[in-house]
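One structure below.
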Amino acid sequence: MKLRLAGAQVVTMDAKRRVVKGDVVVEGSRIRSVEGGGGRGRTGKVFDCSGLVIIPGLIQAHIHLCQTLFRGLADDLPLEQWLAKRIWPLEAAHTEESVYWSAMLGAAELLLGGTTAILDMETVRHTGAAFAALEAIGIRATAGKCLMDAPSAPAGLKETTEAALQEAADLCAKWHGAAQGRLRWCYAPRFVPSCTGPLLRAVSDLTARAGATIHTHAAETPLELQIVKQETGQDEISYLDAVGISGPRAALAHCVWVDEEGIRRLARQQTNVVHCPSSNLKLGSGIAPVPEMLAAGCRVSLGADGAPCNNRLDAFEEMRLAALIQKPRLGSDALPAAQVLELATLGGARALGLEAEIGSIEPGKLADLVVLDLTGPHVVPEDADIVSRLVYGARASDVRHVIVDGRVVVRDGKLKTAKVEEIRREANKWAGTLRTRAGV
Ligand SMILES: [Zn+2]
């Protein structure tokens, strides 16, 4: 099956950062060609994209789909209270069905807003239901069950080390590589204070053996650093490195409170940092030193985190904020638009271990594409720099079509793979149920 997206302005994000006027041809799940000038072969299906802009699907490397139903239920709290009073009780209240609809709601918002791939951390139980939702709705996802085995972990979510690892390995065997490779597995220890050293070491070994990814949080608040120092005697980034949670297979969300030595270590190990600007601002966590990390050679990507600390899952919002929040600190030339667009595409691909497959529009790569209509007043004039228009001007509502793995999942702004009305109804119902069950 061939699909020709004809006559668009194509922002390729290839090595030369070419912007081409022409056609993108998709065959099966992959990009067959990018044809400047366009209009040659007319076989297969043709989408007229004249006047539209095609970008690589945006990638968010830190998302909690299981929290989408908690949107608006945990506002204006610092991280520790946000977790203990709201998020952990609500996660513990989840059922198979509520996890399924939470994932559907989040994935619908993500796809409609131009995010085609995510690194997702689910809760402790019912992760199979989240995978079933991801399989049905058609987003590309690397997801994993949250692991919490430390004595201080909340009672409703705590598991023994053995039980946590056994279920994770079973789910990995079932879902890693499912849906023709669109779904992948990550081992997802929540963060150092809720995990034992033996669990973290085992995660490192299991990840390497399965060719999977590690997804965790690090250095989000000064209190977290203090706890880790008390418990391990080490700085958090060096402790993680010591237990094998580092390197290109690992993605650490936040890294707000890292010093120069930590940054050098992250760069040396090529550990992925996932910057979550909205979440860091809303929880009052701070501003991650992203320009310093990039200058040191760190791998950086972006993510919206979960709905209760954002409250949107909007990649355009994260791009714009990532650029803006550095400027009062370092000057208006800090983190320019072109660099931010790299974080949301190529950086995300690296965090998912998929840099050879996604993140740019090039022949042979997987066809994860977003077609934007940039004719609204907020993105005019059209001859302004295209990257500036994408990072500083564009919104999720400018998304017209979305293709994942060669399949059209959003057409003319409408989700094709699920009924949004049904998702809304079930999400409202299950959010109410969870509030009652959790008593929040
Ligand atoms: Zn998070």
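Each reported figure results from applying straightforward, stated rules to the coordinates on display, with no laboratory input. It should be emphasised that the depicted structure is a prediction, and the values quoted were computed from it without experimental measurement. All Cβ positions, even for glycine, are placed from backbone atoms using ideal geometry, and neighbour counts span all protein chains on display.
Please tell me the relative contact order of segment 181-317 in percent, rounded to the nearest whole number, where contacts are Cα pairs under 8 Å and at least six residues apart. Provide the component values of the computation, followed by the final result.
Numbers: 231 pairs, mean separation 26.1, N = 137.
Result for segment 181-317 is 19 percent.
Ranked from highest to lowest mean number of other Cβ atoms within 10 Å per residue, what is the order of the peptides 328-337, 71-80, 135-144, 252-261?
Details: 328-337: 13.9, 71-80: 15.7, 135-144: 24.4, 252-261: 21.4.
Put in order of decreasing packing, that is 135-144, 252-261, 71-80, 328-337.
Which of rounded, prolate or oblate describes segment 173-327 when judged by the alpha-carbon gyration tensor and an a/c cut-off of 1.5? Before the final figure, lay out the partial values.
Working: a/c = 1.57, a/b = 1.13, b/c = 1.39.
Because a/c hits 1.5 or more and a/b fails to exceed b/c, segment 173-327 counts as oblate.
Please work out how much length the chain gains when fully extended from SER33 to ASP48, using 0.36 nm per residue of separation minus the C-alpha to C-alpha distance, in nm with one decimal.
Working: separation 15, 0.36 × 15 = 5.40 nm, distance 1.64 nm.
Gain on extension, SER33 to ASP48, equals 3.8 nm.
Could you rank the peptides 382-393, 85-96 by their average count of other C-beta atoms within 10 Å per residue, with the highest value first? Could the numbers behind the result be given before it?
Numbers: 382-393: 17.1, 85-96: 20.7.
Ranking the peptides 382-393, 85-96 by packing returns 85-96, 382-393.
Once the piece of chain linking ARG312 and THR375 is laid out straight, how much longer is it, given 0.36 nm per residue of separation minus the C-alpha distance between them? Numbers along the way, then the final one.
Values: separation 63, 0.36 × 63 = 22.68 nm, distance 2.33 nm.
Taking 0.36 nm per residue and subtracting the Cα distance, the gain is 20.4 nm.
Over 28 Å between Cα atoms: which of LYS85/LYS419; LYS85/LYS429; LYS2/LYS414; LYS145/LYS414; LYS85/LYS416; LYS158/LYS416 fall into that group? Working shown, then result.
Details: LYS85/LYS419 33 Å; LYS85/LYS429 22 Å; LYS2/LYS414 21 Å; LYS145/LYS414 30 Å; LYS85/LYS416 37 Å; LYS158/LYS416 38 Å.
Pairs exceeding the cut-off: LYS85/LYS419; LYS145/LYS414; LYS85/LYS416; LYS158/LYS416.
Take each of the peptides 205-212, 354-361, average the number of other beta-carbon atoms within 10 Å over its residues, and list them starting from the highest. Don't jump to the answer; show the numbers that get you there.
Details: 205-212: 16.0, 354-361: 20.4.
Descending packing order for the listed peptides: 354-361, 205-212.
Compute the helix-to-body angle for 197-210: its Cα long axis versus the longest principal axis of the chain, expressed 0 to 90° and rounded to tens.
Relative to the chain, helix 197-210 is tipped by roughly 30 degrees.
For LYS327 and ALA356 in one chain, what is 0.36 nm times their gap in residues minus the Cα-Cα distance, to one decimal in nm? All intermediate terms of the calculation are to be shown ahead of the outcome.
Working: separation 29, 0.36 × 29 = 10.44 nm, distance 3.22 nm.
Here the segment from LYS327 to ALA356 would lengthen by 7.2 nm.
If one takes the longest principal axis of the Cα atoms in the chain, at what angle in degrees, from 0 to 90 and to the nearest 10, does the Cα axis of helix 260-269 lie?
Result, in degrees: 70.
Tell me, what is the percent relative contact order of the chain, built from C-alpha pairs under 8 Å that lie six or more residues apart? Write down the numbers at each step before the final one.
Values: 1007 pairs, mean separation 93.8, N = 440.
Once normalised by length, the contact order is 21 percent.
Given the chain, what whole percent of its Cα pairs are spread farther than 40 Å? Don't jump to the answer; show the numbers that get you there.
Values: 12832 of 96580 pairs.
Result for the distance tail: 13 percent.
Using Cα atoms only, what is the angle between the long axis of helix 315-330 and the major principal axis of the chain, expressed in degrees (0 to 90) to the nearest 10?
Between the helix axis and the principal axis of the chain, the angle is about 70 degrees.
Given just the C-alpha atoms of segment 7-77, how large is their convex hull per residue in cubic angstrom? All intermediate terms of the calculation are to be shown ahead of the outcome.
Details: hull volume 13.1 nm³, N = 71.
Looking at segment 7-77, the number lands at 184 Å³ per residue.
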